[in-house]
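Inspection log for the structure reproduced underneath, given as structure tokens.
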Amino acid sequence: MARVELRRIRKTYPGVIALDDVGVTVEPGEFFTLLGPSGCGKTTLLRTIAGFNQQDSGEILFDGARMDTVPAHRRDIGMVYQDYAIFPHKSVADNVAFGLSMRRVQRQEIAERVARALDLVQLGGHAARMPHELSGGQQQRVALARAMVINPKILLMDEPLSNLDAKLRVELRDEIRDLQRSLGITTIYVTHDQEEALVISDRICVMQGGRVHQVAPPHEVYGRPATLFVASFVGTMNVFDGLRVGPGGEVTIGTATRMLPALAGRSQVTLALRPEDVVQSERGATAATAITLEGTVEKVTYAGREAFYRWGGAGSLRMLVHISRPDTGRLAAVGERLRVELPLARLQAFDPEDGRRIEISG
């Protein structure tokens, strides 16, 4: 296990700032995920930690020791790639043994450690097979065993599940997490898949445009996003932008106005609400703690354990309403009038200029 510190890492390419003063700390034994869209800088950051890229400025430390000038092969890391990167002409056992052979480990010890690593990834009976005889999931297990067999201080994983089908991704992500917990290896994991990040991580670092927007546990990233980008990127969010704020903090959404004192003094605000926080309301009911709106169901999407309404209100007001455990006989029909409530306690507010979170309750 190792503690990884990144201090003001900056990396540029012609016309592009890939990493813009990135500073984060990964604790020993932590499963730390770099999450963001394509081009946000997450893979560049991972490769810089590995030593494959050289940053323009900033410091990288493992357990307090500078790694900036240490070559990649001496940084004591294991690396798992998106495309497996296993040798097609070597057997499973020889692929896993490669790093140990390069370190001149004794043959008997190599055999023992390779056998243990293959057992850990459920490939104990596949040592003699060739890569072309394996499925994609099995090849990724080989890559994982090869990275772990050297007992690295740090395990780096670059979108290792993106080439697998959906069901296998879920199975293997759970195996990776269980294995990481049992071994206690500090792990830095790159993905663009929000659900994967939420399920697998101790903490998530959300990146965009080479910058860090938020570093927090999954429940905080989802429930208390630090910026509008995080709110919109992680999960689904109804966003109401361009809302004017009155002198006392009055905000109007559609045809309803509510007082939000924390917004007093501002001219505009962006409000947001998760689809699962929208409440269907009985006609005629009112709620002092919610914004109540009348509208029409424009689309119904049924997905088994859940359903969604695309709801439309006055003017251009649109939102998604989540229905858990839907009874198909009770789902609203397209064109049906539907009254909804937006609980004030669940509304989230963001500055329309810089996108930063504004606390409006509690």
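The values are calculated or read from the model by the stated rules, or taken from the named source; none is laboratory data. Fair warning: this is a prediction, and the values are worked out from it, not measured in the lab. So basically every Cβ, Gly included, is an ideal-geometry build from the backbone, and we count neighbours across all protein chains shown.
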Restricting to region 138-168, what's the tally of residues that are of a type in the set (K, R), closer than 19 Å to R47 by Cα and crowded, with 19+ Cβ neighbours inside 10 Å? 1
Just checking, how many residues over region 95-119 are in a helix (DSSP H, G or I) and closer than 17 Å to M79 by Cα? 11
Within region 260-281, track down each residue that is outside any helix (DSSP H, G or I) and over 15 Å from P343 (Cβ atoms). A264, G265, R266, S267, Q268, V269, T270
Run down D158, D165 and say which single residue is under 23 Å from A50 (Cα atoms), in the same structural domain as D20 (by TED's automatic domain parsing) and over 10 Å from the mean Cα position of the chain (by Cα). D158
How many of the residues making up region 17-39 are assigned to a strand (DSSP E or B), farther than 21 Å from G64 by Cα and without any contact (Cβ under 8 Å) to a residue 24 or more places away in the chain? 0
Do you know which of the residues in region 303-322 that are under 18 Å from A290 (Cβ atoms) and either not aromatic (F, W, Y) or not assigned by TED's automatic domain parsing to the domain that holds E282 (or both) is surrounded by the fewest Cβ atoms within 10 Å (Cβ to Cβ)? A314
Those residues of region 333-345 which are under 15 Å from V278 (Cα atoms) and of a type outside the set (K, R) amount to L338, V340, E341, L342, P343, L344, A345
Quick one: G125 ticks every box in (1) more than 11 Å from the chain's Cα centre (by Cα); (2) part of a helix (DSSP H, G or I) except a single one, so which number is it? (2)
Is it true that some residue in region 212-228 is touching a Leu at 6+ places or on another chain (Cβ under 8 Å) and farther than 20 Å from A272 by Cα? no
Answer residue from region 40-89, given it is β-branched (V, I, T) and part of a loop (DSSP other than H, G, I, E, B) and is surrounded by the fewest Cβ atoms within 10 Å (Cβ to Cβ) among those: T69
Filter region 63-72 for residues that are without any contact (Cβ under 8 Å) to a residue 24 or more places away in the chain and of a type outside the set (S, T, Y) and give the result. A65, R66, M67, D68, V70, P71, A72
State whether one or more residues within region 129-147 are touching a Pro at 6+ places or on another chain (Cβ under 8 Å), part of a loop (DSSP other than H, G, I, E, B) and outside the structural domain of D354 (by TED's automatic domain parsing). yes
Does region 235-255 contain any residue that is surrounded by 14 or more Cβ atoms within 10 Å (Cβ to Cβ), more than 19 Å from R274 (Cα to Cα), outside the structural domain of R74 (by TED's automatic domain parsing) and modelled with pLDDT under 90? yes
Would you check which residues across region 110-156 are touching a residue at least 24 places away in the same chain (Cβ under 8 Å) and of a type in the set (V, I, T) and list them? V114, V121, V142, V149, I150, I154
